[in-house]
Structures are given as structure tokens and as C-alpha cells.
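Enquirer: My questions will all concern the structure given below.
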Amino acid sequence: RYNLHVPVLTCKHCKKQWAPEVSDFVRSGYWPATMQAQTLFHQDLFHSFEAMKTAAPGMSVKAFTAMLDQRTKQFGR
């Protein structure tokens, strides 16, 4: 999970501004968790969840997110 502030880039020559959109994040392999894309998940997360559900069909989404929260704390995020 990545928490971010969406950047606004400005061209030095023409002063035109550009900010990435949701489609830019999706093409780059990320999936927004919020409408403003303030929180992004790498799409590998969904593959991991699918693999865990295949290996342990009884595992709940709540247990999976609890495991992710613990890993987040472990890596200092």
C-alpha cells in the first residue's frame, strides 16, 4: 500500500499543468483504494489474495487484511 499526494507537473516552457489520472495508475500496475487515488495498492496484492484463497479457502478477507496490517507495521509503513 502506498499513501501519496498526487503530483501536479508544470511544463517550464508552456506552463501547462498535468496530473496523473486513475487510468495512469492502473496502466502502471496500481489500483486506487480511494476515488482521489490517495491510497494505491500494487496489483500483485490481488494475486496474493487469490493464491491464499486457493490454498486456504476458509481464510477471510478480514484475516488477510489483518496480516497485511501486521506486515505494514513490521516494515515501518
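The values are calculated or read from the model by the stated rules, or taken from the named source; none is laboratory data. Model, not experiment: these values are computed from the prediction. As a convention, Cβ positions derive from the backbone with ideal geometry for all residues, glycine included, and neighbour counts pool all protein chains shown. For the accessible areas, the whole protein counts, side chains as well, though only heavy atoms, and no ligand, DNA or RNA atoms are used. Shrake-Rupley method; radii C 1.70, N 1.55, O 1.52, S 1.80 Å.
Enquirer: Could you check how many residues of the stretch 1-23 are modelled with pLDDT of 90 or more and of a type in the set (D, E, K, R)?
Expert: 3
Enquirer: Moving on. Hey, which of the helices (runs of 4 or more DSSP H) in the stretch 3-77, taking only ones fully inside, have at least 2 residues that are open to solvent by 100 Å² or more (accessible area, probe 1.4 Å) and out of contact with any helix residue (DSSP H, G or I) (no Cβ under 9 Å at 6 or more places or on another chain)?
Expert: Passing ranges, in order: 44-55, 61-74.
Enquirer: In the stretch 25-40, which residues are over 9 Å from the mean Cα position of the chain (by Cα) and small (G, A, S)?
Expert: S28
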